[in-house]
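Single-structure report; data block below.
The values are calculated or read from the model by the stated rules, or taken from the named source; none is laboratory data. This is a predicted model, so every value here is computed, not measured. Note that we place each Cβ from the backbone using ideal geometry, even for glycine, and neighbour counts take in every protein chain shown.
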Amino acid sequence: MNKFYLAISIICFVAINDAAKVSKGAQNIILTGRVTFPEGSSTPVEPDGKLTVELQDTSRADAPAKVIARGTSKVIKFPVVFGIKYSSNQITPGQLYSLHANIRNKKNELLYTNDVSILVTPLSIDRRKPIEVPVILVKKTKPTSKKSQWPELVGKKGNEAVQIIKKETGNILILNNM
């Protein structure tokens, strides 16, 4: 009879413990890391580059990955630090999760992407460590101008100077004074 009560007590303890875990609710989690390019730590990127990093569920074989969370930011040079926010409710224990990163230009052309699988455990303690995501060059674009002085623009009108800069660099950033 004592074994019966012991068995019932254990079952009740497990049930109550599991119920407590479920009732804690979802936690917002931020997965951090940095996207790197092997050529050098401060390699410049096309001025209009946009980084997209996705946390994907890659558990299903022969099926497209399911995007759990996505983060985007502008890119100037490598390395690029990122953070992706997601909810613990979006994660199923036992599934395979990976990170995918790519950089596209204003024309939506793929410039850089990671070519190796970056497996992550989204709910583990180790997820607090920044994750390195190396990328490879997919499309070489016109390098950005490193020119910082324009003596030939002295005496030119504003629009004319802008056109010269655009012609030489392909890009221009106009700042408005407030």
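Of the residues LEU123, LEU111, LEU55, only one is touching a residue at least 60 places away in the same chain (Cβ under 8 Å) and either part of a loop (DSSP other than H, G, I, E, B) or touching a Cys at 6+ places or on another chain (Cβ under 6 Å) (or both); which?
LEU123
Which is outside any loop (DSSP other than H, G, I, E, B), crowded, with 18+ Cβ neighbours inside 10 Å, modelled with pLDDT under 90 and not hydroxyl-bearing (Ser, Thr, Tyr), of ILE68, ILE29? Full working, then the answer.
Values: ILE68 fails: modelled with pLDDT under 90.
After ruling out the rest, the residue left standing is ILE29.
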Cβ-Cβ below 7 Å, separation at least six or inter-chain, first residue in the range 127-152 and of a type in the set (D, E, K, R), second surrounded by 14 or more Cβ atoms within 10 Å (Cβ to Cβ) and modelled with pLDDT under 70: which pairs? LYS142/GLY170
Hey, can you tell me all the residues within the range 72-94 that are in a strand (DSSP E or B), in contact (Cβ under 8 Å) with a residue 24 or more places away in the chain and either touching a helix residue (DSSP H, G or I) at 6+ places or on another chain (Cβ under 8 Å) or of a type in the set (S, T, N, Q) (or both)? SER87
Matching option when the condition is exposed (fewer than 12 other Cβ atoms within 10 Å of the Cβ), at pLDDT below 90 and either among the aliphatic types (A, V, I, L, M) or within 30 Å of VAL162 (Cα to Cα) (or both), among LYS77, LYS146, LYS129: LYS146
